[in-house]
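Some notes on the structure that comes next.
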Amino acid sequence: MSRLAAKVRCNYYPLPLREAERIRGLVQFPVEPFSALDPCVGEGIAFAAITMDSSARRYGIELDAYRAEQAAPMLTKIIQGNCLETHCPVESFSLLYENPPYDWALSTTARERLEAAFLNHTFRWLIPGGVLLFVIPAERAADCAQVLASHFKRCRIFRLGSPESVRYRQVLIAGVRRTRREREKLRDREISAGRSLFATLGREYERLAELPESRDDPYAVPPTGPVTLTFKGLPLDELEDLIPTSLASRQAARILAPEPTVIGGRPLTPLHAGQVGPITRVGDFPCKYLVKSLTFRWLHSIVKMFCWICFRGSLVRPAM
């Protein structure tokens with residue numbers, strides 16, 4: 001898919017339901033309630049499938065208003081806005097399922113992939129021991145290698161087998177967030193080995209094991225309490241609804257969408273057949289300013305030098 005086509009669909013690549021059901025077999029949920037987050041929840045179908053048959057509090061963030069409305073009934077709380085403008089206390093969630101947009105981030109300082117930007121922004125919201133389920137194209141794992149190698153242990157990588165997932169070479173990276181003490185004990189060679197693993201993932205895609213139906217050693221999700229998400233961006237949909245009633249919009253409308261010029265009356269002398277033809281074809285011109293100019297020029301000849309006065313209405317007799 002071209003980048004322009006991806007922009008049209010807002011970089012929305014929903015996870016196939018079959019893959020979500022397989023991911024469900026990788027995790028083991030506690031009996032106690034826990035909080036789970038999908039920062040790119042879409043319509044919420046995949047997130048609901050991954051957390052089904054559990055006591056999860058489902059939190060979601062979605063930029064698109066329509067998809068956010070579709071996902072709302074399946075979630076405990078949803079934020080309609082940009083994930084990168086949403087804030088949360090650190091170490092709040094037990095489970096983070098993330099399938100971010102596949103594109104470059106808009107930045108004035110440096111080029112950054114959105115996959116890395118979303119992971120850098122949200123991984124701190126996981127508690128130590130919390131589970132990460134990260135779905136990205138295999139080639140983009142290199143952009144996230146530093147965070148994954150430094151902050152997560154028990155990392156496993158699986159290739160997704162659905163046709164839509166194969167098309168985008170999607171992989172699932174599952175891991176558990178390290179505690180601060182575990183990070184301090186890490187050696188440089190261990191981090192380098194982890195970074196090298198993720199950096200070469202694009203070349204090793206065909207050799208990766210496909211995501212299984214279930215595993216004997218699933219990731220245990222710890223319990224957590226309720227979470228407060230705060231959106232600090234602009235309410236774009238509300239602003240869009242208020243634009244037509246704003247003073248600035250009414251002032252600009254007179255320039256951007258002026259009222260059409262209505263010409264009344266009739267010529268002082270009868271028109272010949274050869275003069276009517278150009279008038280009937282004037283609507284074929286696409287530019288209204290060109291149409292207006294040509295109309296004045298033709299009528300100037302047709303009405304025998306009385307065009308300007310006639311159009312001003314000074315000598316135009318009322319229509320019968």
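We did not get these values from a lab; they are worked out from the coordinates using the rules stated. Being a predicted model, the structure only gives us computed values, none of them experimental. Note that each Cβ is placed from the backbone with ideal geometry, even for glycine, and that neighbours are counted across all protein chains shown.
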- line: When MET52, MET74 are ranked with the fewest other C-beta atoms within 10 Å first, the list becomes MET52, MET74
task: Select from segment 164-270 those trypsin sites (Lys or Arg not before Pro) which occupy a DSSP coil region and have at most 10 other Cβ atoms within 10 Å, ordered by residue number.
output: ARG187, ARG203, LYS232
- prompt: How are the C-alpha pair distances of segment 160-234 spread across 5 Å bins, as whole percents from the shortest bin up?
  reply: 3, 9, 13, 15, 16, 16, 16, 10, 2, 0
Which of GLU213, GLU85 has the fewest Cβ neighbours within 10 Å, and the rest in rising order: GLU213, GLU85
- request: Mind checking which of SER192, GLN70, PHE47 is farthest towards the positive end of segment 3-236's charge dipole, using Cβ charges of +1 (Lys, Arg) and -1 (Asp, Glu) about the Cα centre?
  value: SER192
- request: Please order LEU197, LEU106 by the number of other Cβ within 10 Å, starting at the fewest.
  value: LEU106, LEU197
field: Three-way shape call for segment 3-236 based on the alpha-carbon gyration tensor, with the a/c threshold at 1.5
entry: rounded
